[in-house]
Amino acid sequence: MFLRLLLCACLLLTSRAEVRADDGYRLWLKYDQLPEAGLRKAWQAHAKGILLPEPTTPTLQAAASELQLGLQGLLGRPVPKGAAPGGRGSIRLRVASAEAALGREGYRLTMTGGGLEITGATDAGVLYGCFALLRQVQTGQRPEALNLTSQPRIQHRLLNHWDNPNGTVERGYAGSSIWKWLELPERVDPRYQDYARANASVGINGVVLNNVNASARYLTPEYLRKVAAVANVLRPYGQRVYLSVLWAAPKVIGGLKTSDPLDPQVQAWWAARTNEIYQTIPDFGGFLVKANSEGEPGPQDYGRTHADGANMLARALGPHDGIVMWRAFVYQAGSGDRFKQAYEDFKPLDGQFAPKVLVQVKNGPIDFQAREPFHPLFGAMPRTPLVLEVQLTQEYLGFATHLVYLGPLIKECLEADTYAQGPGSTVAKVVDGTLEKHAISGIAGVANIGADRNWTGHPVGQANWYAFGRLAWDHTLDPADLAREWTRMTLTREPAAEAAITSVLNQSRSIYVRYTTPLGLHHIMGQTLHYGPEPWLASSARPDWTAVYYHKADAAGLGFDRTATGSDALALYAPEARARWADPATCPLDYLLWFHHVSWNQPLRTGRTLWQELTTRYYSGTDSVQWMQQQWARAAPAVDAETHADVTARLRVQQREAQWWRDACMLYFQQFARQPLPPGLPPPTRTLADIKEQVDIYQLR
Ligand code: GCW
């Protein structure tokens, strides 16, 4: 008997532990009971029920259900919803279409004499308002003085999935694709709804479901039915679906001999196909196109321009409410500095794009490096709306192993001043359309989401999804505030732990830059896989896929001369923007080697020579990972044990790999600098040959 009791007790304990363990699935939408009784009581007084407007809609239902779910969890008691719940003290949801001040998707949260109100200009506005209210409660705000109005500054706020029909994800590090194409449309994974909730909670309103290296399959009737099933789940949550299209689709699935955009048959094919899409998915968002880039087909195959191609698709969209996002990520082999190539292709086309076309531009001119100057196309195409594309999946930032919070990276680009129309012409104002008076605007994040239980592999990867959405909604937000919000909602509100974690998040990107690519080094990572260091990479299918092309280390010095004596890429920027970087003596050190070939013994503003500064940064970056570990350890008592252990382990790998980066780059560049390490820095304990061997293993060579 006693043994049986003991067994029961043990089982009870284990199962309780399991219940409490946090697997990260709920993201930041954790609705665990608020620990402070006083705060709970304060909100309870204003959340006795949820009053829905009549007639209700799927979006209003979704909004009210989320609010109910959240409040019941956070406040620890039932919150009925309906046409007349709870009486006084109920939260009233209102749609006030006459309130132009709220725009199409804005909301207002107010505490009136009659109680708490969530007003939206549309159903979607109410939905965003409900999430905003939950955020208030989750982050520990009080209800009394609630008065908050917000509307998005950018119209199309999209995630771009690089997901393939076979379930793989290009550059995905969080498992396979969440889209189960083989199961659709009959089986609709419940996860799609949780995905939609998470997106809506941060204001994302569109999703490109498939990889820009696109399969034509998505345009077949069979796949459109699958896409429609996903669209049905996302719709109530304010999100439209979009597809990446293969330029050669008319040939591949249409049986035509060409995909020339000026060919009438090709035009008719796209028009018919587009009509069919809208018959299946009436609120389809539009097309994303990667053309004539990295081997993908495109209009240039027929001597046509990107504008010819994009405009043909815009015409196919015809009367439908959809857009074309045409990517500017192009670079042709053998035509000089890759930095300049997208600009050279696209700048002359400004003014030639149809009204429904937006040109989608990566944040920097090369390719999602840990730090890049802003892309010179921003500000240079005033007659074309430009979508800013940032990468949330950490292709060049340590996959799902390294902790790198991207809020500061995204913000750095948004705040960069293009000077296109004088001081203050920031990338943000180009992108939100205010600078050049565009009625249409967009921003895209390449998703870091996969089928891993916690969605992003690295638990902190969730913060990048979160911060992207919040900045897409309002680019004036401070990434440090967003780090705090995310931490409070996801990990802990215990002040010391919160402070430790947010300091790690806020520093993490600049630490990563220091141990991988300090002083403006770029594109020196492992070939193909893009993981780990390979600065010695000198031969590849294209010269601009090597590392030596970018760092140009020689006996004289290090860095890419992009001034007039070099590639003159600097000339692509407005004079004031150019001036910031043009003089090596005043160029911010973070960008130095992006624009200058600097001699090893050149004294820098820090009082150290280039060689000394480079070594110092590699070492301090690596040491800072230890600091990250210490900070994270301090948060242990306040963070779920499973999540804490997971991040702790990943930080250990990060520490080892930071040293790997440091040693590889130090030993490699030392061959050119021919100098010892500055005194006090411990020399690497391994040889360059050892490291090269390790890299070869990573590259599966
Ligand atoms: O960063 C590079 C990636 C490719 C990607 C390409 C792009 C989808 O290495 O995997 O292809 O950019 O943005 O098109």
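The values are calculated or read from the model by the stated rules, or taken from the named source; none is laboratory data. The shown structure was predicted, so the numbers you read here are calculated from the model rather than taken from an experiment. Positions of Cβ are backbone-derived with ideal geometry, glycine not excepted, and every protein chain shown enters the neighbour counts. Protein only, heavy atoms only, side chains kept; ligands, DNA and RNA dropped before computing areas. Shrake-Rupley method; radii C 1.70, N 1.55, O 1.52, S 1.80 Å.
Some notes on this structure:
- Any chance Arg135 is open to solvent by 10 Å² or more (accessible area, probe 1.4 Å) and either over 14 Å from Trp473 (Cβ atoms) or assigned to a strand (DSSP E or B) (or both): no
For (1) hydroxyl-bearing (Ser, Thr, Tyr); (2) more than 16 Å from the ligand (Cβ to nearest atom); (3) open to solvent by less than 10 Å² (accessible area, probe 1.4 Å), each residue gets a yes or a no:
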position	(1), (2), (3)
Val324	no, yes, yes
Lys340	no, yes, no
Gly351	no, yes, no
Val361	no, no, yes
Pro376	no, yes, yes
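- Of everything in the range 150-174 that is more than 16 Å from the ligand (Cβ to nearest atom) and open to solvent by 40 Å² or more (accessible area, probe 1.4 Å), the residue that is farthest from the chain's Cα centre (by Cα) is Gln151.
- Within the range 457-476, tally of residues that are open to solvent by less than 10 Å² (accessible area, probe 1.4 Å) and assigned to a loop (DSSP other than H, G, I, E, B): 3
- Extreme residue, surrounded by the fewest Cβ atoms within 10 Å (Cβ to Cβ), among residues of the range 597-631 that are in a loop (DSSP other than H, G, I, E, B) and without any contact (Cβ under 8 Å) to a residue 40 or more places away in the chain: Gly607
- Residue, most open to solvent (accessible area, probe 1.4 Å), within the range 395-451, restricted to residues that are out of contact with any His (no Cβ under 9 Å at 6 or more places or on another chain) and within 16 Å of the ligand (Cβ to nearest atom): Leu409
- Selection count, the range 561-581, where residues are more than 21 Å from Gly424 (Cβ to Cβ), of a type in the set (Gly, Ala, Ser) and open to solvent by 30 Å² or more (accessible area, probe 1.4 Å): 3
- Of all residues in the range 261-308, those being more than 28 Å from Gly238 (Cα to Cα), within 16 Å of the ligand (Cβ to nearest atom) and touching a residue at least 12 places away in the same chain (Cβ under 8 Å) number 8.
- Residue in the range 428-449 that is under 17 Å from the mean Cα position of the chain (by Cα), closer than 28 Å to Asp350 by Cβ and in a helix (DSSP H, G or I) present: yes
- Residue match in the range 311-324 (condition: free of Cβ contacts under 8 Å to residues at least 12 places away in the same chain and either over 17 Å from Ala248 (Cβ atoms) or in contact with a helix residue (DSSP H, G or I) (Cβ under 7 Å, 6 or more places away or on another chain) (or both)): yes
- Flag for Leu209 being modelled with pLDDT of 95 or more, touching a His at 6+ places or on another chain (Cβ under 8 Å) and on the phi < 0 side of the Ramachandran plot: yes
- Pair list, Cβ under 8 Å, 6 or more apart: the range 72-83 residue without any contact (Cβ under 8 Å) to a residue 40 or more places away in the chain, other residue of a type in the set (Asp, Glu): Ala83/Glu54
- Failed condition for Ala268, given (1) within 16 Å of Lys356 (Cα to Cα); (2) surrounded by fewer than 20 Cβ atoms within 10 Å (Cβ to Cβ): (1)
- Residue within the range 181-190 that is away from the ligand (no atom under 16 Å from the Cβ), open to solvent by less than 10 Å² (accessible area, probe 1.4 Å), assigned to a loop (DSSP other than H, G, I, E, B) and in contact (Cβ under 8 Å) with a residue 40 or more places away in the chain present: yes
- When residues in the range 208-247 are screened for being within 20 Å of Asn464 (Cα to Cα) and away from the ligand (no atom under 16 Å from the Cβ), 1 of them pass.
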